[in-house]
Amino acid sequence: MKRLIAAAALALGIASAQAAGYEESVVRAPVVSGVEQAYIDVTVFRPHGAGPFPIVVLSHGSPRSAEDRRREGRQRLAAQSERFVAMGFAVLVPTRRGYGESGGEWAEAYGACASPDYHAAGLETARDLRAAVDAVRGEPWADASRVVLAGQSAGGFGSVAASAAGFEGLVGVINFAGGRGSMGPDRVCGEGRLVEAMARYGKSARVPELWIYSVNDRFFGPRLARSMHRAFVEAGGRAEFLEAPATGLDGHGYFARAMDDWAPRVASFLARIGVKS
């Protein structure tokens, strides 16, 4: 029954996408970790036409509740993806291991709150993002020499982590309110460990990045956000920090609720780093 519902939702999404002027499809991407392999769902949005189009990998967050990870189903981030498609990008939205109906167990655990290992957790997220790109390499519509990673919350954090290792074709990162370990409003497990992880990523990250955090983010507030950014840059990373305006009661929703604000900021950043359709 779940698969029938998913198939119906995909058909409806494809019809809506065609009406909106782009194409939607789903690919299955293999993710290899040690001796284990799992397949994840990757929603693909791309403009009409032959391409090749530069790629944006758009990464979802991680709900505080473990039950919600599976309950949310295949990730589409359709409204946000449309903004990037309008800029001339093909958009990949991976539903990472342990989320929705993607295969594998949840790989992004960071351990006990007293001593969280955010660095390792972020690298597991990064593994799924690279797998999504690898799944479309060689497709005639995909320009895998121009890849931008963009993500919200845990997805933003994982995008920064992926820049630390780098991969062929990666040219930039957009981090929307990236972080891990939020236990409740203005409560984060081991903030210092989060800052340390960003510093470790910054030592080897070499592509330009744009970090955007709302002034009233209740997951990762302005002080913590700037501390993470400072650690990343002082370690050698290249990241511009933008403090976005307040959004509703909790600015962590900026990515979903303030698209008219961030779209021109993102378009300006992409133009500055020379990524155009």
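The values are calculated or read from the model by the stated rules, or taken from the named source; none is laboratory data. Just so it is clear, the model here is predicted, and its values are computed rather than measured. Using ideal geometry, Cβ is built from the backbone for each residue, glycine included, and neighbour counts are taken over all protein chains shown. Quick note on the areas: whole protein, heavy atoms, side chains included, nothing else; ligands and nucleic acids left out. Shrake-Rupley method; radii C 1.70, N 1.55, O 1.52, S 1.80 Å.
Between T247, T95, T43, the Gaussian network model of the chain with springs among Cα atoms under 10 angstrom shows the greatest mean-square fluctuation at T247.
What separates the Cα centres of the stretch 179-198 and the stretch 213-275 is a distance of 16 Å.
Computed from backbone phi with θ = phi - 60° and the Karplus coefficients 6.51, -1.76 and 1.60, the 3J(HN,Hα) list for the stretch 224-232 is 5, 4, 5, 5, 5, 5, 4, 5, 5 Hz; x is used for glycine and proline. Computed over the chain, the per-residue total of -39500 (n - 2.57) for DSSP H runs of n ≥ 4 gives a 222 nm mean residue ellipticity of -12000 deg cm²/dmol, rounded to 500. Dividing the mean sequence gap of close Cα pairs (under 8 Å, 6+ apart) by how many residues the stretch 116-264 holds gives a relative contact order of 21 percent. For the stretch 154-277, the square roots a ≥ b ≥ c of the C-alpha gyration tensor eigenvalues yield an a/c of 1.5 or more together with a/b not exceeding b/c, which makes the shape oblate.
Per 0.36 nm of contour for each residue apart, how much would the distance between R223 and D68 grow if the chain were fully extended, relative to their Cα-Cα spacing? Extra length from R223 to D68 when fully extended: 53.0 nm. Annotation for the stretch 15-86 versus the stretch 117-145: alpha-carbon center distance of 12 Å. With contacts taken as Cα pairs under 8 Å and at least 6 residues apart, the chain reaches a relative contact order of 16 percent. Quick check: from the Cα gyration tensor, does the stretch 134-190 come out rounded (a/c under 1.5), prolate or oblate? Taking the square roots of the gyration eigenvalues as a ≥ b ≥ c, the stretch 134-190 is prolate. Within the chain, antiparallel bridges make up roughly 40 percent of the DSSP beta bridges whose residues both belong there. For the chain, what does the alpha-carbon gyration tensor say about shape, rounded, prolate or oblate, given a ≥ b ≥ c as the root eigenvalues, a/c under 1.5 as rounded, and a/b over b/c as prolate? Judged from the Cα gyration tensor, the chain comes out rounded (a/c under 1.5).
Rank A256, A132, A231 by mean-square fluctuation in a GNM of the chain with C-alpha springs under 10 angstrom and give only the top-ranked residue. Ranking A256, A132, A231 by mean-square fluctuation puts A256 first. Expressed as a whole percent, the accessible area of the stretch 103-165 that falls on carbon and sulfur atoms is 51 (1.4 Å probe). With a Förster radius of 22 Å applied to the beta-carbon distance between V35 and D134, the computed FRET efficiency rounds to 0.75.
Counting only heavy atoms of the protein chains and using a 1.4 Å probe, Y39 has close to 100 Å² of accessible surface. Of M259, M183, M228, the order by accessible heavy-atom surface (1.4 Å probe, DNA, RNA and ligands excluded), from most exposed downward, is M183, M259, M228. For the chain, the solvent-accessible area works out to 42 Å² per residue, with a probe of 1.4 Å and every protein chain left in place.
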